[in-house]
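**Q** Starting off with a structure, shown below.
The values are calculated or read from the model by the stated rules, or taken from the named source; none is laboratory data. Bear in mind the structure is a predicted one, so any value in this text is a computation, not a measurement. Here Cβ is always computed from backbone atoms with ideal geometry, including for glycine, and neighbour counts include all displayed protein chains.
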Amino acid sequence: MTGPTVGVLALQGDVREHLRALSNLGADAVAVRRPSEVADVDGLVLPGGESTTMAKLARTFEVFEAVADRIKTGMPTFGTCAGMVLLADRLRDGAVGQETFGGLDITVRRNAFGRQVDSFEADIPFDIAEASFADPVHAVFIRAPWVEEVGEGVDVLATVATELGDRIVAVQQGPVLATSFHPEVGDDLRLHRYFLSLMIGYGR
Ligand code: GLN
């Protein structure tokens, strides 16, 4: 018996960083960009990068529908930064005509922090009931989105204080996880490990 396979959508962005993090945890991690490859994985990571570019390339490679369908039918999915944008059912400050895969019942504002500061780092506590999350997560934000509204089935896992008040930067809806920041940057693997545990919990 082999363990679950986790794909990283490899159109643009932090693909290598996610593959390395997942492999370091012993996962079978593969780059995916074709519909048949999307069909074969047990979970998928949507990396940080540029959400407009990834959405366009997903159309060019004719993989858009395959990804959107699998997310909507329960595939465990982890989106970081641009990946969070791609998971949002509703988008504010998107580019004209910008598409998202959707699947997460949230409203995301793209480049939300960018109006105040382009990038920053923060230690943020996580509301995950596991001993390893007793310590805060060191988070790297780069032209990051934030979450402005969450639907009923969405759990808020983390917020960050801004001049405008607390803003939501990590959410989970069943097997779908998203962060505004880049856990693939640096060597804190707790969120990747948490995602792998969701893949096992919600496995097909
Ligand atoms: N601002 C980018 C977008 O909207 C996300 C930036 C990132 O992933 N670092 O796609």
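**Q** Give just the number: which of (1) away from the ligand (no atom under 16 Å from the Cβ); (2) in contact (Cβ under 8 Å) with a residue 24 or more places away in the chain; (3) closer than 22 Å to Gly151 by Cα does Gly102 not satisfy?
**A** (1)
**Q** Something else about it: Name the single residue that is nearest to the chain's Cα centre (by Cα) among those in segment 30-53 being more than 21 Å from Thr73 (Cα to Cα) and buried (at least 24 other Cβ atoms within 10 Å of the Cβ).
**A** Gly48
**Q** Just to check your reading of the model, which residue among Gly79, Gly114, Gly48, Gly94 is within 13 Å of the ligand (Cβ to nearest atom) and touching a His at 6+ places or on another chain (Cβ under 9 Å)?
**A** Gly48
**Q** If we keep just the residues of segment 172-192 that are surrounded by fewer than 18 Cβ atoms within 10 Å (Cβ to Cβ) and more than 15 Å from Asp135 (Cα to Cα), which is nearest to the ligand (Cβ to nearest atom)?
**A** Gly186
**Q** From the list Ala68, Ala27, which one is away from the ligand (no atom under 12 Å from the Cβ), over 15 Å from the mean Cα position of the chain (by Cα), surrounded by fewer than 22 Cβ atoms within 10 Å (Cβ to Cβ) and not hydroxyl-bearing (Ser, Thr, Tyr)?
**A** Numbers: Ala68 fails: over 15 Å from the mean Cα position of the chain (by Cα).
The match here is Ala27.
**Q** Looking at (1) closer than 21 Å to Gly74 by Cβ; (2) at pLDDT 95 or above; (3) touching a strand residue (DSSP E or B) at 6+ places or on another chain (Cβ under 9 Å), which one does Val160 not meet, given that it meets all the others?
**A** In the conditions (1) closer than 21 Å to Gly74 by Cβ; (2) at pLDDT 95 or above; (3) touching a strand residue (DSSP E or B) at 6+ places or on another chain (Cβ under 9 Å), Val160 misses (1) alone.
**Q** Restricting attention to segment 124-145, which residues are closer than 12 Å to Val169 by Cα and aromatic (Phe, Trp, Tyr)?
**A** Phe126, Phe141
**Q** Scan Asp155, Asp123, Asp135, Asp118 and give me the residue that is free of Cβ contacts under 8 Å to residues at least 12 places away in the same chain and either over 20 Å from His18 (Cα atoms) or surrounded by 19 or more Cβ atoms within 10 Å (Cβ to Cβ) (or both).
**A** Of the residues listed, the single one that is free of Cβ contacts under 8 Å to residues at least 12 places away in the same chain and either over 20 Å from His18 (Cα atoms) or surrounded by 19 or more Cβ atoms within 10 Å (Cβ to Cβ) (or both) is Asp135.
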